Amino acid sequence: MSWKYILWGIAFLFALSTSALAGPPFATDDPVPTDYHGFEIYLYSEGTHSDGDTDGTLPGLEVNYGAAPNLQLSIAVPLAFDKGLGHGTLFDYGATELGVKYRFLQEDDDGWQPQASFYPSVEIPIGDSDRPASVGGGHARYFLPIWVQKSYGAWTTFGGGGYWINPGHGDLDYWFMGWALQRQLTPDFAIGAEVFHQTKDTAIGESSTGVNIGAIYDINDRWHLVGSIGTGVQNARQTDESTYYFAVEWTPSLNGD
């Protein structure tokens, strides 16, 4: 049996039961902002293979900061790569991502009310717009999503989505949406799964649907390992034959330890 169907089956079983890991390692994000005056720092790599081409980030740095209660500021700076059939591996600085997450609804621990956040972001390419977008070319793009989350004991479920404003010749604005599930198996280990969908982002492109499974392991209170693997289940050859994410996360204490 193809491993993509195994992944799909796992995601379906999670859905039958009742989050997934907060943001990384999934495409689906969560509404939880970083603690006030706290940091979440990820050193990561990610990549997607489709139709003979592999592109992604190696390495990237993401920093989230709790600027105020219920308010997170984020920046991601990637070294992008692209390896295709017609050329060797290209490396260049990718698009800088800036975001602001604001939680406007608090979760009701004793009821059904979830927490929710608005998390607008912008990807700013550095360099010539004639370069491939996968290595930092193209135009600035804007994402306007809403994310929600609800926890039930050891289970957490979160998801949502939003609209990408994607200017450029041949490019289309598009929608992204996803939902994730997570189970805290032990105090230091959690596993999750997600299903996500994206409408086509270019005039000659295809819509895509994919699944990921991922896990997070807490080495201690400050250091964490985060990773996922996945595949597409709709137009996979053109959009997502396989994908991965791996990160080392550092969450320094408020006093700088």
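If I take R0 = 35 Å and measure r between the Cβ atoms of Trp175 and Ile75 in this structure, what FRET efficiency does the formula 1/(1 + (r/R0)^6) give, to the nearest 0.05? Efficiency for this residue pair is about 0.90.
The range 210-256 and the range 58-111 have their alpha-carbon centroids 13 Å apart. When the chain is described by a simple charge dipole with +1 on each Lys and Arg Cβ and -1 on each Asp and Glu Cβ, the residue from Leu144, Tyr244, Trp155 located farthest towards its positive end is Trp155. Straight-line cross-link partners of Lys200 among the aspartates and glutamates, defined as a Cα under 12 Å from its Cα and at least 8 positions apart when in the same chain: Asp171, Asp173.
Near the amide H of Gly138, within less than 5 Å, lie the amide hydrogens of Ser129, Asp130, Arg131, all on another chain or at least 5 residues away, with H placed in the peptide plane. The reciprocal of the average 1/r between distinct C-alpha atoms defines the Kirkwood hydrodynamic radius, which for the range 51-198 equals 17.5 Å. Helix-only arithmetic for the chain: the sum of -39500 (n - 2.57) across DSSP H runs with n ≥ 4, divided by the residue total, places the mean residue ellipticity at 222 nm at -2000 deg cm²/dmol. With N counted as the residues of the range 3-250, its alpha-carbon radius of gyration over 2.2 N^0.38 Å works out to 0.98. Take the Cα of Gln234, go 7 Å toward its beta carbon, and the backbone nitrogen atoms of the range 179-200 under 14 Å from that spot belong to 179, 195-200.
Computed about the Cα centre, the dipole magnitude for the chain is approximately 340 debye when only Lys and Arg (+1) and Asp and Glu (-1) carry charge, each at its Cβ.
The numbers here are math on the coordinates, done by the rules we state, and not lab data. The shown structure was predicted, so the numbers you read here are calculated from the model rather than taken from an experiment. Note that each Cβ is placed from the backbone with ideal geometry, even for glycine, and that neighbours are counted across all protein chains shown.
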